[in-house]
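First the structure, in the form of C-alpha cells, and then the observations on it.
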There are 2 protein chains.
Amino acid sequence: MTKTDRRPAFAAVDWGTSSFRLWLLTEAGAVLDERRSNEGMAMASAACGFPKILKSHLSALGAADDLPVVICGMAGARQGWVEAGYVTVPALLDAVLEGAVRVPGEARDIRILPGLANRDPAHPDVMRGEETQLLGATADLGSGEHLACMPGTHSKWVRLEGSTVTRFSTYMTGELFDVIARHSLLAHSLAGSDGMDMAAFRAAVQMAVAEPARATNLLFAIRAGQLLQGAPADVSRARLSGTLIGLEIAGASGAAGEAWNGTISLFVSGKLGELYATALETLNRPFRVTDADHAVRDGLIRAARALWPA
Amino acid sequence: MTKTDRRPAFAAVDWGTSSFRLWLLTEAGAVLDERRSNEGMAMASAACGFPKILKSHLSALGAADDLPVVICGMAGARQGWVEAGYVTVPALLDAVLEGAVRVPGEARDIRILPGLANRDPAHPDVMRGEETQLLGATADLGSGEHLACMPGTHSKWVRLEGSTVTRFSTYMTGELFDVIARHSLLAHSLAGSDGMDMAAFRAAVQMAVAEPARATNLLFAIRAGQLLQGAPADVSRARLSGTLIGLEIAGASGAAGEAWNGTISLFVSGKLGELYATALETLNRPFRVTDADHAVRDGLIRAARALWPA
C-alpha cells in the first residue's frame with residue numbers, strides 16, 4: 001500500500017443496531033470523507049443486506065474497488081453479516097485486533113472486529129462496538145484503573161486496568177426507555193412533547209438512586225402524577241429518563257457492580273451525553289467526557305494499522 | 001325490590017383494562033349465572049362502546065330491562081365509560097360505596113364505583129378495581145394491620161388498618177413483562193416456549209431482591225445468558241418474570257414502601273398466583289392467599305346491597 005497522504009488508505013465502519021457510519025481515511029488517519037445513515041444491523045438483516053449497503057456508500061464516495069474496510073459493532077453479531085465472536089474478559093484491548101474476521105466471498109478485504117464477553121456464569125455479558133471505542137481511547141485514558149460509562153441502547157460500564165478490560169456490565173436503559181415510551185401506558189403521559197424538564201429529570205435521578213428497588217413504582221407514579229397532578233409531557237418524559245438513568249448509575253455503583261469512587265470516563269456524543277453529565281453532576285460523581293464518535297474512529301484506525309501495516 | 005331467592009336482584013361487573021366479567025346475583029349474593037370476555041376498557045373505548053357490550057351480555061342471560069348493575073374497575077376511568085373519580089387515602093373502604101356514580105342517559109340503574117388515590121405529591125398513585133376486592137375481603141381480613149399484595153398488570157401493595165386503606169403503591173410489573181417480552185431484544189430470547197423453568201425463576205427472584213439496583217443489568221444478562229450459555233426460552237422467560245417480581249417485592253419491602261414483617265395477604269387467581277406464591281416462599285415471606293375473583297364479586301355484592309337495600 002503506497003498511497004499519498006491525501007488518498008484513502010482504508011475505510012472504517014461503525015455498524016450498530018440502528019446506525020451506520022463510514023469514514024474514508026488516509027494512512028495517517030485523516031478523515032477524507034464520511035457517510036451516516038440509519039441502515040443499522042436491524043435494517044440490513046431485514047432488507048437489502050450488508051454487502052449492498054456497504055457498497056452503496058463506498059461507491060457514493062468513489063472509493064477504489066480494492067480499498068480495505070474495517071468494521072466494528074453489530075455487523076459481527078450472530079444475526080449480523082459474519083459472526084466475529086467475542087474475546088473473553090479479562091482481556092487486553094489489543095486482543096480484539098487479533099480476533100478480526102475476514103468476510104468471505106468478497107474481492108475487497110473486509111474485516112469485522114470481535115466483541116468482548118464476560119463468561120462468568122453469574123454475570124454473563126457481551127459488547128460489540130464499545131471495545132473499539134475503548135481501543136481508540138487507551139492513549140487518552142493512560143495507565144492505572146478506570147471506570148468507563150458508555151451510555152446507549154445498552155449502556156456499558158467497564159472497569160479497566162490500563163489497557164486491560166477486567167469486567168463490564170450492560171444496563172438496558174436506552175432500550176427500556178424506548179419500549180416503555182412507545183408501548184406502555186406511559187405513552188399517554190409522554191404524548192405531545194419531545195422536551196425534557198431538567199429539574200424533573202434531576203429529581204427522578206435522585207429518587208431512583210435513593211430507592212432503586214422502587215423503580216417500577218416510580219414508573220407508575222409518572223402516570224399517576226399526570227392523572228392527579230396534571231404533570232405535563234416534558235415532566236413525564238424527564239421522569240422516565242431520570243428514573244432509568246438513575247437506576248443504571250445506582251446499579252453500576254453497587255457492591256457487586258463496577259464500584260468506583262474515582263473520576264468516571266463518560267463516553268458520549270450529543271444529547272444523551274448531556275443527560276448523563278447532568279445525572280452524574282446531580283449525584284456529585286466526578287467525570288470527564290470522551291467523545292464517543294472520535295473514540296470509535298480512532299479505534300478503527302488503530303485496528304486498520306494493525307491489520308494492514310504500511 | 002321484592003324478588004324470590006332464585007331470581008336475579010342485580011348484576012355485578014368487574015370491568016378491567018383487558019377483561020370483562022359479569023355475574024347475575026340473587027339478593028342473598030348467590031351466583032345465578034356469569035359471563036367472561038376480553039371486552040375490557042381498551043376494546044370498549046376503541047370499538048363498539050360500553051353500553052353495547054354490557055347490554056349484549058345482559059341480553060344473553062335474559063336479564064330484565066330494569067335489573068340494576070354495579071360496576072367496578074377501569075370503566076370508571078377518565079378514558080372509560082363515565083369517570084367515577086377517586087376517593088383519597090387514607091380512607092375507609094366504605095367510602096367507595098358513597099362515591100358510586102350513576103351512568104346518565106340509561107333507563108337501567110347502572111352505578112360505577114370510584115377508585116382510590118394517594119395524593120401525597122411525593123408518592124402519587126391510583127387504583128381502580130382492587131379497592132372493590134379489598135371491600136369484599138374485609139370480613140376475611142378482620143381488624144388490625146394488613147399488607148395486601150395484589151399482583152397484575154399494575155400490581156398493588158396496600159397497607160390497611162382494619163377497613164381503612166392507609167397507603168398503597170403500584171408496581172408496573174405485569175405491563176413491563178409484557179412490553180419487554182414483546183418489544184425488546186429479549187423477544188428473541190423468549191421465542192419458542194411459553195413455559196417457565198421454576199428453578200431459574202426462584203434464582204432470578206433472589207438476585208433481584210439481593211441487588212435491585214442491578215435490575216436492568218439482570219434483564220440484559222438474560223440475553224447474554226442465551227448468547228453465551230445457550231439458556232433456553234423457558235429459562236429466559238422465568239428470569240424475566242423473576243427479575244420483575246423480585247424487584248417489586250424488594251420495592252414493597254423497602255423503608256419508604258409498605259414495609260411489613262407480618263403475613264402478607266396475597267390476592268390472586270390462577271397462574272400469576274403460583275408465581276407470586278413461589279416468589280414469597282423463596283424469600284421466606286409468610287403469606288396467605290385470598291381468591292381475587294371471589295373477593296371482587298363479594299365487594300360488588302356489598303356495594304349493591306348498600307346501593308339498593310332490600
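May I have the convex hull volume per residue, in Å³, for the Cα set of segment B:214-310?
Taking only Cα atoms, segment B:214-310 has a hull volume of 142 Å³ per residue.
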For this session: Report, to the nearest 10°, how far helix A:270-282 tilts away from the longest principal axis of the Cα atoms in chain A, using its own Cα long axis and a range of 0 to 90°.
Result: 50 degrees
Seminar exercise, completed: Expected sort for B:I53, B:I249 with the fewest Cβ neighbours (10 Å cutoff) up front is B:I53, B:I249
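Find out how many positive minus negative residues lie around A:A233, taking Lys and Arg as positive, Asp and Glu as negative, among other residues whose Cβ is under 13 Å from that of A:A233. Walk me through the intermediate numbers first.
Details: positive: A:R223, A:R237, A:R239; negative: A:D194, A:D197, A:D234.
It works out to a net charge of 0.
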Problem set entry | B:A199-A:S18 pseudo-label distance in nm [points 7 Å out on the Cα-to-Cβ vector] | 3.8 nm
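Please label the shape of segment A:30-136 as rounded, prolate or oblate, based on the square roots a ≥ b ≥ c of the eigenvalues of the alpha-carbon gyration tensor (a/c under 1.5 means rounded; beyond that, a/b larger than b/c means prolate, else oblate). Can you show the working numbers first?
Numbers: a/c = 2.06, a/b = 1.67, b/c = 1.24.
The shape class here is prolate.
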Problem set entry | Built amide H within the under 5 Å cut-off of A:T166, gap 5+ | A:R159, A:L160, A:E161
For this session: Given the options B:G85, B:G273, B:G195, state which has the largest fluctuation in a GNM of chain B using a 10 Å cut-off (strictly under) for Cα springs.
Result: B:G195
Exercise. What fraction, in whole percent, of alpha-carbon pairs in segment B:71-183 exceed 26 Å separation?
Worked result: 22 percent
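Rank by packing, highest mean first: peptides B:148-161, A:95-108, B:111-124, with packing defined as the count of other Cβ atoms within 10 Å averaged across residues.
Details: B:148-161: 22.8, A:95-108: 15.4, B:111-124: 19.8.
Descending mean neighbour count gives B:148-161, B:111-124, A:95-108.
Just check segment B:182-223 against the gyration tensor rule for me: Cα atoms, a ≥ b ≥ c as the square roots of the eigenvalues, rounded for a/c under 1.5, and otherwise prolate or oblate depending on whether a/b exceeds b/c. Could the numbers behind the result be given before it?
Details: a/c = 3.21, a/b = 1.33, b/c = 2.41.
In terms of gyration-tensor shape, oblate.
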Seminar exercise, completed: The exposure ranking of B:S45, A:S56, B:S236, fewest beta-carbon neighbours within 10 Å first, is A:S56, B:S45, B:S236
Exercise. Seen from all sides and averaged, what is the projected area of the convex hull of the Cα atoms in segment A:265-310, in nm²?
Worked result: 3.6 nm²
Seminar exercise, completed: Compactness check, the protein assembly as shown: C-alpha Rg relative to the 2.2 N^0.38 Å globular estimate gives 1.12
For this session: Whole number please: convex hull volume per residue, Cα atoms of segment B:31-84, in Å³.
Result: 91 Å³
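Rank these for me by crowding, A:S19, B:S37, going from fewest to most other beta carbons within 10 Å. Walk me through the numbers on the way to the answer.
Numbers: A:S19 18, B:S37 13.
In increasing order of surrounding Cβ atoms, one gets B:S37, A:S19.
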Seminar exercise, completed: Here the relative contact order (percent) of segment A:50-117, from C-alpha pairs under 8 Å and at least 6 apart, is 36 percent
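Given the protein assembly as shown, what count of lysine pairs have C-alpha atoms under 22 Å apart, with each pair 8 or more places apart or on different chains?
Working: A:K3/A:K55; A:K156/A:K271; B:K3/B:K55; B:K156/B:K271.
So the count of such lysine pairs works out to 4.
Rounded to two decimals, what is Rg over Rh for segment A:159-232 when you use alpha-carbon atoms and the Kirkwood radius?
Numbers: Rg = 15.8 Å, Rh = 14.5 Å.
My calculation puts Rg/Rh at 1.09.
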For this session: Using only alpha carbon pairs under 8 Å that are at least six residues apart, calculate the relative contact order of segment A:1-160 and give it in whole percent.
Result: 16 percent
Exercise. How far is helix B:215-229 tilted off the main Cα axis of chain B, in degrees rounded to 10, range 0 to 90?
Worked result: 60 degrees
Seminar exercise, completed: Calc'd 3J(HN,Hα), segment B:71-80, phi into Karplus 6.51 cos²θ - 1.76 cosθ + 1.60 (θ = phi - 60°), Hz, glycine/Pro = x, comes to 10, 10, x, 5, 4, x, 6, 4, 8, x
For this session: Could you check the simple spin-label distance between A:V289 and A:A60, using points 7 Å along Cα→Cβ, in nm with one decimal?
Result: 2.7 nm
Exercise. Per residue, how much space in cubic angstrom lies within the convex hull of the C-alpha atoms of segment B:68-130?
Worked result: 76 Å³
Exercise. Which distance in Å, rounded to a whole number, links the C-alpha centroids of segment A:124-146 and segment B:236-310?
Worked result: 45 Å
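Could you give the Stokes-Einstein D for chain B in µm² per second, using the C-alpha Kirkwood radius, 10 °C, 1.306 mPa s?
Working: Rh = 20.5 Å.
It diffuses with D of about 77 µm²/s by this estimate.
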Exercise. For the residue pair B:A107 and A:R182, what label-to-label distance in nm results when each label sits 7 Å from Cα along the Cα-to-beta-carbon direction?
Worked result: 4.9 nm
Exercise. Using alpha-carbon pairs under 8 Å, 6+ residues apart, how would you state the relative contact order of chain A in percent?
Worked result: 16 percent
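Counting only DSSP beta bridges with both residues in chain B, tell me the antiparallel percent, nearest 5. Write out the running numbers ahead of the final one.
Numbers: 32 of 51 bridges.
Expressed as a percentage, antiparallel bridges in chain B total about 65.
Only the coordinates and a few stated rules stand behind these numbers; no lab work does. Since this is a predicted model, take the numbers as computed values, not measurements. Glycine also receives a Cβ, built like all others from the backbone with ideal geometry; neighbour counts cover every protein chain displayed.
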